[in-house]
1. Run down 399, 438, 427 and say which single residue is in contact with a Pro (Cβ under 9 Å, 6 or more places away or on another chain) and at pLDDT 80 or above.
2. Inspect all residues belonging to the stretch 120-133 and state whether any of them is under 29 Å from residue 206 (Cβ atoms) and of a type in the set (S, T, N, Q).
3. Confirm whether residue 36 is over 26 Å from residue 135 (Cβ atoms), modelled with pLDDT under 55, part of a helix (DSSP H, G or I) and not charged (D, E, K, R).
4. Please enumerate the residues belonging to the stretch 277-320 that are free of Cβ contacts under 8 Å to residues at least 12 places away in the same chain and either surrounded by 17 or more Cβ atoms within 10 Å (Cβ to Cβ) or among the acidic types (Asp, Glu) (or both).
5. For the stretch 159-180, state whether one or more residues are in a helix (DSSP H, G or I), among the hydroxyl-bearing types (Ser, Thr, Tyr) and at pLDDT 90 or above.
6. Has the stretch 169-183 got at least one residue that is surrounded by fewer than 20 Cβ atoms within 10 Å (Cβ to Cβ) and without any contact (Cβ under 8 Å) to a residue 40 or more places away in the chain?
7. Report every pair of residues separated by at least 6 positions or lying on different chains whose Cβ atoms are under 9 Å apart, first residue within the stretch 112-141 and farther than 20 Å from residue 85 by Cα, second β-branched (Val, Ile, Thr).
8. For the stretch 75-114, which positions are in a loop (DSSP other than H, G, I, E, B) and over 26 Å from residue 125 (Cα atoms)?
Amino acid sequence: MKQEKKEKKFISARVRRDFRYGTNALVLVAAVLVVFVLANLALESFSTQLTIDLTKEKLYSIGEVTDKNLKALKQDVEIVALYDRTKGESDSDRAEVIRVLDQYAQYDHVKISYKDPDSNPGLIRKLVGETDAASYSEGDYIVKCGDKTRRIGASDMFVYQTYQYIYQYKSAIQVEQKLTSAILFVTSDEFPVVYCATGHEERSRSEFTNLFNRIEALGCDIRDLDLAQSQAIPEDATVLIFLGPKYDLTEFEAAMVEEWLEQSGGQMIFCADYDQRGEDYERFNKILTKLYGLSVNLDLVEETEDKKKIAQENKDSAFIGTSVPKGPLGDMPKGYDIYLFSTRSVKIYAQDSDVTFIENYPLIQSAESGKSTDFAGNVTSGVQVVAATAVNSGVRGPITHAAVFGSTLGFSDEYYQRYEQAVLNEISAFGYTLHWMISDYGVNEGNLIEAKLYDTTTVVLDKEKSNTLAVVSMVVIPALIIGGGVVVWMRRRHL
């Protein structure tokens, strides 16, 4: 009888203990669930503020330059992503941009919106106007302040490199640079306007997207100008670019351009056509010679030394030139290698001692082993200048600048895909020259923000280390987990 009571007492105590432990466990589980739900609700409400960027280069954070300028904004700016946000978050590239956009949304004068143009065909025309709507497509970004807009292409948010001419990969993210630069552009009262002349079968801007991205990055507004349909150069024009015209100016056009340069202090960049058709650019050269002591020759520059030739091209007219650290290229490294293709030479006229208002100098030139052959077959050996610039200090009017490049081929997207950095160096030379011309407008601080490189650190394992890692992950770790479980069970089974 006593034994029976003792057993019942033991069972009762065990039940109470189990109930107590079980109740405590249930309460603990319930508390954890409540905390988890509340934490998720809080994170949902403050997701942007609580986002932590743990990447080494702070890929999705904004820096001091952006923070300072966004806090100083007095006007409202809207950034429109031309896609649905929910769908965008499932796309790896767009998801990265969205993370950065969320940072901009925290500022009082910045509004971020996501609008799918496919569901609203008239959306883009409404936002940017009929004229500019054609340049936008799904996935692009519109930065807008009042009537001023800036387009950022979907691919412009990243830096791409080509691996062994086979495929492209993302090497860096430049969302902050593009967004801040565009915001400062649309909120600025003054900005340089670059006109691209048309009407002489100039090369299409679509062939030179990297070049025009560089021009835009300098804070310029880019527009087309058909000289044949114009009675005067627009008053807001800062720089006039001729990008590979196949034909010379008409007499009326030449007079119009010369008057604008001489009386309005305009700036001109002339890039000869790389298709050697025998155009001597007589009227272009008359302006260049008179105002700047420059002219473009009717010839073809070649290299005679094999080690200076670009082997992949297999022709003497594709060679390696160097930058000349003078004038606008004073900040470039001395003797910077630049790949050149089918270029004409540029003549620099020595000025008389009493002509002190014109200063001209080379930008890019060949080595001593270079030569030029004109259309009559005459050969000139030695260093060949293939790009030059000049400043007219304005004795007879305001200060005016000009630059002449012997070919447009080195600026083209086609050759950039082949040679990347070596071609990018010539685009940089163009950019330095343009910046030199428009320096009175100041610097867009957004352009000073550097692209952020992806961390490509890798762990390389040899066969022995790989086998060791496999044993640890598939045998040792599971065995430790099972062993730990057995120890816990052994200690608790008598409770």
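The values are calculated or read from the model by the stated rules, or taken from the named source; none is laboratory data. None of the values given here were measured: they were computed from a predicted structure. In this analysis, Cβ positions are derived from the backbone assuming ideal geometry, glycine residues included, and neighbour counts consider all displayed protein chains.
1. Only one candidate qualifies: 438.
2. Yes; the residues of the stretch 120-133 include at least one that is under 29 Å from residue 206 (Cβ atoms) and of a type in the set (S, T, N, Q).
3. So residue 36 fails the test.
4. 285, 306, 309 - these are the residues of the stretch 277-320 that are free of Cβ contacts under 8 Å to residues at least 12 places away in the same chain and either surrounded by 17 or more Cβ atoms within 10 Å (Cβ to Cβ) or among the acidic types (Asp, Glu) (or both).
5. Within the stretch 159-180 (the criterion being in a helix (DSSP H, G or I), among the hydroxyl-bearing types (Ser, Thr, Tyr) and at pLDDT 90 or above), the answer is yes, since at least one residue qualifies.
6. Yes, the stretch 169-183 has at least one match.
7. 128/142; 128/149; 129/149; 132/124; 132/149; 133/124; 134/124; 135/128
8. Selection gives 90, 106, 107, 108.
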